[in-house]
Amino acid sequence: MTQHKKPRLSYFRNSLGQRHISDEDKYIYAPRETQHKLGIIGTGTIGQEHMRVATLLGRAEVHGIFDESAKSLDVAVDGFSRYASHEPARYPSLEAACEDPATDALMICTPNYTHIDVIEVAARSGKAIFLEKPMATTLADASRIVELAEQHASFIQVGLQYRYKAPYVEARHEALERCTLGELCTLSMSEYRPPFLDKVGQWNKYARYSGGTLVEKCCHYFDLLNLFAGSTPIRVFASGGQAVNFLDFEKDGERADIDDHAFVVIDYANGLRANFTLNMFAPHFYEELVVTGQRGRLVASETFDFHNDDVARSKLDVELGEYGASRSTTLGYPAEIEQSGHHGATYFEHEAFIDQLEGKAVDSATPLQGLWSIVVAAAAQRSTETGDAVDIGRFLEEHALDGLLA
Ligand SMILES: NC(=O)c1ccc[n+]([C@@H]2O[C@H](COP(=O)([O-])OP(=O)(O)OC[C@H]3O[C@@H](n4cnc5c(N)ncnc54)[C@H](O)[C@@H]3O)[C@@H](O)[C@H]2O)c1
C-alpha cells in the first residue's frame with residue numbers, strides 16, 4: 001500500500017489524546033514519507049505559504065530557500081521552525097538555488113517583474129518549475145515563458161490556484177462535467193475585497209512591477225472565465241481606475257498608479273459572453289461566479305470576513321427550475337487545509353504539482369493558459385486606457401502573437 005492510499009487524518013496527528021502513541025505504532029497519522037525535495041525562490045508572503053502547505057501535504061520536503069532579502073529569509077526560517085523538524089538550507093545565490101542536485105523541483109515566488117529573469121536561470125536546471133502568477137508583467141515575457149516551457153525537459157506549472165477553491169471546483173464539476181446547466185451562455189464573475197497588502201519594496205503599487213491590477217490580481221479570474229468559456233476571447237472592453245486606494249501613496253517621490261476598481265466585458269469565439277467586476281475598497285472578501293446555461297444557473301460564492309471569522313464561507317447554488325432538482329450546498333475543506341492558505345486552494349495546487357512531478361495527469365494551469373489569462377488582462381488594461389473595445393485578433397498581431405489563434 002502506498003502512503004497516498006492511507007486515510008488522511010492529520011487532525012489526530014496533533015491531538016492531545018494521541019500523544020501516547022509511539023512512532024512505531026503510528027500508521028494512519030504517521031507523517032508521510034516525503035518523495036521530493038523543493039527549492040523555494042522568494043520567501044515573502046506566498047513563498048512562506050508554499051513552505052507551510054508543502055509541509056502540511058507532506059509529499060515534498062522544503063530542502064532549501066533563496067531570497068534577496070535577509071529579513072525575508074530570517075522570518076521564513078523562524079516560521080518554518082514552528083511546524084517543521086529540520087532547517088532548510090539557505091542558498092547564497094539564485095544559481096546555487098537552481099543547481100542544487102538535492103532538489104527535484106523549484107518554486108518561484110518572487111515579485112511579478114522578476115519572474116522572467118528568475119525563470120530563465122531556473123529553466124537551465126531542467127527541473128520541474130512552479131511559477132507564481134501572473135507568469136509575467138508583459139505579453140512578450142509571458143510568451144517567452146511559454147517558449148521556455150516548450151523546450152523544457154520537465155514541466156512548468158503556473159500558480160493560478162483559484163481553480164482549486166472549493167466553489168469553483170464544484171462549479172466546474174456541475175457546469176462542465178455533469179453539464180447540468182446545458183449549453184453555457186453567460187458568465188458573471190466578481191471580486192470585492194480590501195486593498196492590496198504591503199509588499200517587500202511595495203512592488204504591487206506600481207504597474208511597471210506588477211503588470212497593473214488587472215494582470216496582477218485578476219489573472220486568476222480571467223483564467224477561470226477562460227476555463228468555463230472553453231473558447232478563445234475575441235473582444236474585450238473595460239472601464240476602471242483608481243478611486244480610493246493609495247491615492248496618497250508615494251515611494252521615492254513616485255505616486256502609486258494601480259487601479260482599484262474595474263468592469264470588464266469579454267466576448268468569446270463560441271458566442272459566450274462574460275463580465276468581471278473588481279472592487280478593492282470593500283471591507284472584506286467576497287467572490288462570486290454566476291454561470292447561466294440554457295437549462296439553469298449556478299452561483300458559486302466565497303465570503304471571507306476576516307474581521308469576524310477565521311475561515312471562508314463557501315456555497316454553491318444550482319437552480320434548474322423545471323429541468324431538475326435545484327439545491328444549495330455549503331462547501332468547505334477541512335479546517336487545517338482551509339487555513340493553510342487561500343482557503344485550501346494552495347494545498348490542492350501542491351497536490352497537483354506533486355502529481356505532475358510523478359507523471360500523473362492534472363488540471364493545473366499550464367504556461368499557455370497563464371498566457372491567455374494575461375492576454376485578457378492586458379487587453380482589459382488597454383481598454384481602460386483608450387476607452388475602446390480591444391479586438392483580440394488585432395491585439396495579438398500587434399504583439400506578434402497571432403500564432404496563438406492558430
Ligand atoms: N497565487 C496567489 O494567490 C498569490 C498570492 C500572493 C502572491 N502571489 C504572487 O507571488 C509572488 C510574490 O508575492 P508575495 O506576496 O510573496 O510578495 P512579497 O513582497 O511578500 O515577497 C516577495 C519576496 O521575493 C523576494 N525577491 C524579490 N526579488 C527577488 C529575486 N530576484 N530573487 C529572490 N528573491 C527575490 C523579496 O525579497 C521578497 O521576500 C508575486 O508574483 C505575486 O503575484 C500569488
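All of the numbers you see were taken from the coordinates with simple rules; none came from a lab. On a predicted model such as this, the values are computed, not experimentally measured, just so you know. Because the Cβ atoms are built from the backbone with ideal geometry, glycine has one as well, and the counts that use them run over all protein chains shown.
General remarks:
- The modelled label-to-label distance for the pair ASN14/ALA153, using points 7 Å beyond Cα in the direction of Cβ, is 3.8 nm.
- Look at the dipole of the chain built from charges on Cβ: of ILE129, LEU184, VAL77, the Cα furthest out on the positive end belongs to LEU184.
- Less than 5 angstrom separates the built amide H of ALA105 from those of LYS37, GLY39, all sequence-distant by 5 or more or on a different chain.
- Only lysines eight or more places from LYS26 in sequence, or on another chain, were considered; those with a Cα closer than 23 Å are LYS5, LYS6.
- Theoretical FRET efficiency, 1/(1+(r/R0)^6), r = Cβ-Cβ of ARG394 and ASP257, R0 25 Å, to 0.05: 0.45
- Value of D in µm² per second that Stokes-Einstein yields for the chain, Kirkwood Rh from Cα pairs, at 20 °C (1.002 mPa s): 96
- Euclidean distance of C-alpha centroids, region 162-194 and region 89-119, integer Å: 34
- Simple label model, 7 Å out from Cα along Cβ direction - ARG32 to PHE249, nm: 3.6
- Shape analysis of region 3-160 yields a ratio of the Cα radius of gyration to the Kirkwood radius, Rg/Rh, of 1.03.
- The helix-based estimate of mean residue ellipticity at 222 nm for the chain, built from -39,500 (n - 2.57) per DSSP H run of four or more residues and divided by its residue count, is -9000 deg cm²/dmol to the nearest 500.
- From phi via Karplus (6.51, -1.76, 1.60), per-residue ³J(HN,Hα) for region 333-340 in Hz, x at Gly/Pro: 8, x, 3, 4, 6, 3, 8, 7
- Difference of contour (0.36 nm per residue) and Cα-Cα distance, ARG124 to PHE281: 52.4 nm
- At full extension, THR232 and GLU177 could sit 17.9 nm farther apart than now, given 0.36 nm per residue minus the alpha carbon distance.
- Region 3-160 - charge dipole about Cα centre, Lys and Arg +1 at Cβ, Asp and Glu -1, debye rounded to 20: 800
- For region 18-104, the fraction of C-alpha pairs more than 17 angstrom apart is 50%.
- Note on GLU87 and ALA102: the model spin-label points, each 7 Å out from Cα along the C-beta direction, lie 1.3 nm apart.
- The charge dipole of region 249-406, taken about its Cα centre with unit charges on the Cβ of Lys, Arg, Asp and Glu (plus for the first two, minus for the last two), comes to roughly 580 debye.
- Relative to the Cα centre, the charge distribution of the chain, modelled as +1 at Lys and Arg Cβ and -1 at Asp and Glu Cβ, gives a dipole magnitude of about 900 debye.
- Links that overshoot a 27 Å alpha carbon limit, given the list LYS133/LYS165; LYS71/LYS251; LYS37/LYS251; LYS71/LYS360: LYS37/LYS251; LYS71/LYS360
- Look at where the Cα atoms of region 125-149 and of region 202-216 average out, and the two centres are 17 Å apart.
- When each full DSSP H helix of the chain is screened for a Cα extent of at least 27 Å along its own axis and an average Kyte-Doolittle hydropathy of at least -0.5, the helices passing are 367-386.
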